[in-house]
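Asks: Below is one structure. I have some questions about it.
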Amino acid sequence: PEQARGKSVDKRADIWAFGVVLFEIVTGTRAFPGDEVSDVLASVLTREPDLAAVPQPVRGLLARCLAKDPKKRLRDIGDAMALV
């Protein structure tokens with residue numbers, strides 16, 4: 001989300017991207033739908049993915065990876081194992 005807003009990014013943007021890919025793998029749906037790039041960006045900025053579709057064992061991990069506020073995300077991807 002911070003990259004879509006034109007803000008600086010760090011490794012937490014990669015953690016967010018990991019969360020998006022993991023969400024799409026476990027649900028078989030797009031985390032942020034849209035027909036055009038601008039629609040997807042708007043979805044990233046305004047919507048939250050439906051974690052109810054995510055298997056319970058990985059919901060906490062995805063919630064921490066997909067937090068819009070980078071300060072609320074995992075600090076390191078290595079911390080992910082403790083949440084599964």
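The values are calculated or read from the model by the stated rules, or taken from the named source; none is laboratory data. The structure displayed is predicted, hence computed values, not measured ones. All Cβ positions, even for glycine, are placed from backbone atoms using ideal geometry, and neighbour counts span all protein chains on display. These accessible areas exclude ligands, DNA and RNA; they are computed on the full protein's heavy atoms, side chains included. Shrake-Rupley method; radii C 1.70, N 1.55, O 1.52, S 1.80 Å.
Asks: When Met81 is evaluated against the numbered criteria (1) open to solvent by 90 Å² or more (accessible area, probe 1.4 Å); (2) of a type in the set (A, V, I, L, M); (3) in contact with a Pro (Cβ under 6 Å, 6 or more places away or on another chain), which criterion, by number, is the only one it fails?
Replies: Every condition holds for Met81 apart from (3).
Asks: Next question, about the same structure. So, in the stretch 1-38, how many residues would count as being open to solvent by less than 70 Å² (accessible area, probe 1.4 Å), more than 24 Å from Ala80 (Cβ to Cβ) and not in a loop (DSSP other than H, G, I, E, B)?
Replies: Residues in the stretch 1-38 being open to solvent by less than 70 Å² (accessible area, probe 1.4 Å), more than 24 Å from Ala80 (Cβ to Cβ) and not in a loop (DSSP other than H, G, I, E, B): 0 in total.
Asks: Restricting to the stretch 46-59, give me the number of residues that are under 11 Å from Gly19 (Cα atoms) and assigned to a helix (DSSP H, G or I). Give the derivation first.
Replies: Let us first name the residues in the stretch 46-59 that are under 11 Å from Gly19 (Cα atoms), namely 49, 58-59.
Filter again for assigned to a helix (DSSP H, G or I), leaving 58-59.
So the answer is 2.
Asks: Here is a further query. Given the residues Leu74, Leu41, which is the only one that is out of contact with any strand residue (DSSP E or B) (no Cβ under 7 Å at 6 or more places or on another chain), at pLDDT below 95 and assigned to a helix (DSSP H, G or I)? Walk me through it before giving the result.
Replies: Numbers: Leu74 fails: assigned to a helix (DSSP H, G or I).
Only one candidate passes the filter, namely Leu41.
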